[in-house]
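S.K.: Sending over a structure as structure tokens; questions will come in a sec.
The values are calculated or read from the model by the stated rules, or taken from the named source; none is laboratory data. All figures in this text were calculated on a predicted structure; none of them were measured in a lab. Cβ sites come from the backbone with ideal geometry, for glycine too, and all protein chains shown count toward neighbours.
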Amino acid sequence: MLKLQSDGSFDAPAEFTPQSLQQHFRTAGVSGASNYSRVYILEGLHPDFVSVLGEHFGMHPSFFVDHERVVVNADVAAKEADTLVLPSLLKSRQHCLIITDPPLQVVRLAPDEKTNTVVPIALTHFQGGYLDFMPHEMQMRTQSGPPRTSMLDDICFYIRTYANLINTGTPEGILLFAKKIVASHYLQHAQFMRSIISTTQFHMSRKAAIRLEQFSGEFVEAQWSDGQALERRMCEYCEDLEGIML
């Protein structure tokens with residue numbers, strides 16, 4: 001939780017367990033301020049937190065279900081997911097709730113119905129991660145950037161560092177940073193996809209074939225199919241960006 005102070009800044013994030021959050025709601029009371037004085041950020045959808053937040057804010061269960069979103073899987077053996085989960089927002093009288101996903105730490109490998117293996121992973125940012133989207137003169141004054149460790153950490157950084165830019169009279173002012181972070185991730189991901197497409201297209205060129213027999217029709221068809229699939233995803237990412245920012 002981030003709480004708005006009288007000077008317009010936000011204090012350091014406060015962390016809760018489901019039990020302490022429930023006690024917090026009991027004792028905090030209802031603020032009479034016209035601004036959105038508290039920003040609650042929920043990382044993941046732990047059932048106990050969902051129960052406490054849903055009861056306190058009178059939230060319909062569909063709010064949490066919609067955040068999960070139905071993942072559309074391709075009809076292939078790899079079962080690749082084409083749908084990404086985006087931050088969700090709820091506004092109450094004076095408070096704002098943002099739901100984010102935790103950073104990816106494990107992947108589940110299930111080549112068939114009988115095999116199910118959980119593998120821990122260590123993620124690295126493509127070319128150092130997304131660029132800080134704030135104007136350069138502001139970056140020079142703060143001399144710091146987002147940690148890029150999770151959506152939760154990055155939202156907290158921008159809200160606290162640039163609190164003077166937030167219109168606290170509307171939840172959209174707080175959500176703007178979340179939208180900019182997501183859009184910046186998409187742009188970075190698009191650059192990564194372009195590099196893969198470029199490599200795929202190069203493999204279909206005669207320059208990449210050392211011998212003529214390597215340049216078979218089956219090989220070219222496979223590369224062309226991969227390239228088309230990647231191009232399709234790029235179009236979907238553009239549509240997602242329009243949905244986020246417009």
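S.K.: Among all residue pairs at least 6 apart or on different chains, which show Cβ distances below 8 Å where the first residue, located in the stretch 137-148, is closer than 14 Å to ILE159 by Cβ and the second is assigned to a helix (DSSP H, G or I) and among the acidic types (Asp, Glu)?
M.R.: PRO146/ASP153; PRO146/ASP154; PRO147/ASP153; PRO147/ASP154
S.K.: Tell me whether the stretch 174-195 contains one or more residues that are without any contact (Cβ under 8 Å) to a residue 40 or more places away in the chain and under 19 Å from PRO103 (Cβ atoms).
M.R.: Yes - at least one qualifying residue is present in the stretch 174-195.
S.K.: Then there's this: Mind telling me which of the residues THR168, THR161, THR142 ends up being surrounded by 12 or more Cβ atoms within 10 Å (Cβ to Cβ), of a type in the set (Val, Ile, Thr) and modelled with pLDDT under 85?
M.R.: Exactly one residue qualifies, and that residue is THR168.
S.K.: When only residues in the stretch 97-130 that are outside any strand (DSSP E or B) and touching a Leu at 6+ places or on another chain (Cβ under 8 Å) count, which is surrounded by the most Cβ atoms within 10 Å (Cβ to Cβ)?
M.R.: Here the residue is TYR130.
Here is a yes/no grid of residues against (1) assigned to a helix (DSSP H, G or I); (2) at pLDDT 85 or above; (3) β-branched (Val, Ile, Thr):
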| residue | (1), (2), (3) |
| --- | --- |
| ILE174 | yes, no, yes |
| LYS179 | yes, yes, no |
| SER184 | yes, yes, no |
| ARG194 | yes, yes, no |
| ILE197 | yes, yes, yes |
| PHE219 | yes, no, no |
| GLU239 | yes, no, no |
| GLU242 | yes, no, no |
